[in-house]
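Structure first, then comments.
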Amino acid sequence: MANTIYNVALIGCGSMGAAHLDDIRFMENICVKCVCDLNIETAERFKRLYHADYADTDFRISVSREDIDIVIICTYPSTHLEVLRECINNSKHVVCEKPISDNLENGKEAVKLIRENPQCKVLIGYILRHNDTYNKVAEMIQNDAIGKPVVMRMTQNHHTMNWDKYLHLIKDTSPILDCGVHYIDVMRWFTGEDIVEVSGIGARTEADVPESTYNYGLITAKLSGGSIAYYEAGWSNTISAENVKEFVGPKGRIRIVLQMNRNENSEEGD
């Protein structure tokens with residue numbers, strides 16, 4: 001119903017939490033009711049900034065409030081399953097940042113939990129599915145604009161200005177897992193094909209990256225219809241920032257260029 005007001009709780013007051021609240025704070029049917037972070041000073045700052053009623057450090061308290069309808073989960077991936085379970089136990093609808101979890105076992109458990117509780121609507125943050133530009137490219141490829149097979153070239157490297165921020169995330173999940181989930185989805189979505197082969201490499205180019213993970217990675221994939229793809233992601237103090245999204249077929253190619261990188265037509269699309 002158009003006049004229904006939805007009360008929202010945010011779990012995790014970091015940069016992605018701010019991005020979510022910035023997008024919804026002025027919607028007429030949304031009320032930012034509660035913000036939660038392990039750091040009470042951060043939570044209190046978000047409370048003031050977004051005019052929330054409550055600031056907590058325990059997500060269980062936030063999620064259990066009777067006046068909360070929707071919970072936005074913006075914590076590290078390793079905590080997603082725990083917070084998601086608490087949300088569903090309290091009959092809350094959920095928007096959860098991607099990736100759904102930090103490993104396959106927890107990811108499967110999260111999917112099982114969601115399917116067993118259809119009364120709770122859960123959306124994982126695959127934002128490209130709601131992006132006009134990506135939807136247009138998907139439509140063009142599916143309508144045979146460039147033909148098949150499709151070669152998909154995708155790179156998203158970050159020259160880090162705040163290394164500590166990225167290092168904390170790397171300790172929880174790798175760049176390929178954190179960002180690559182979008183582009184694995186793009187590979188299957190754009191072509192309508194399934195991935196049948198995948199390989200990857202990774203490297204530690206920063207001394208403080210734990211030996212169990214990496215800050216630069218590259219994966220290649222072969223799809224069931226003969227299309228192929230690669231995705232490259234690196235976060236480091238020395239790599240150059242780069243964003244490549246190009247799709248090549250026998251009839252032509254399509255390249256997605258960020259609005260800020262265009263010399264013309266910068267008013268159109270994002």
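Counting only protein heavy atoms and using a 1.4 Å probe, what share of the accessible area of the chain belongs to carbon plus sulfur, as a whole percent?
Carbon and sulfur atoms account for 50 percent of the accessible area of the chain.
Run lengths n ≥ 4 of DSSP H only: what is the helix-derived mean residue ellipticity at 222 nm for the chain, with -39500 (n - 2.57) per run over all residues, to the nearest 500?
-9500 deg cm²/dmol
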Reach of residue 148 by Cα under 18 Å, taken over lysines that are not fewer than 8 positions away in the same chain: 136, 222, 245, 251
For the chain, accessible area per residue (1.4 Å probe, heavy atoms of protein chains only), Å²: 54
The chain - Debye-derived log10 I(q)/I(0), Cα point model, q = 0.08, 0.13 Å⁻¹: -0.38, -1.00
Calculated from backbone phi, Karplus (6.51, -1.76, 1.60) coupling profile of the stretch 156-168 in Hz, x at Gly/Pro: 8, 9, 10, 7, 7, 8, 10, 4, 4, 4, 5, 4, 4
Lysines with Cα under 18 Å of residue 98, excluding same-chain neighbours fewer than 8 positions away: 108, 112, 121, 165, 171
Excluding exposed DSSP-loop GluC sites (Glu not before Pro) (at most 12 other C-beta within 10 Å), longest clean stretch of the chain: 117-210
The stretch 1-75 versus the stretch 133-154: alpha-carbon centroid distance in Å: 37
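The values are calculated or read from the model by the stated rules, or taken from the named source; none is laboratory data. Values in this document were obtained by computation on a predicted structure and should not be read as measured data. Here the Cβ is made from the backbone with ideal geometry for all residues, glycine too, and neighbour counts use every protein chain on show. Heavy atoms of the whole protein, side chains included, go into the accessibility calculation; ligands, DNA and RNA do not. Shrake-Rupley method; radii C 1.70, N 1.55, O 1.52, S 1.80 Å.
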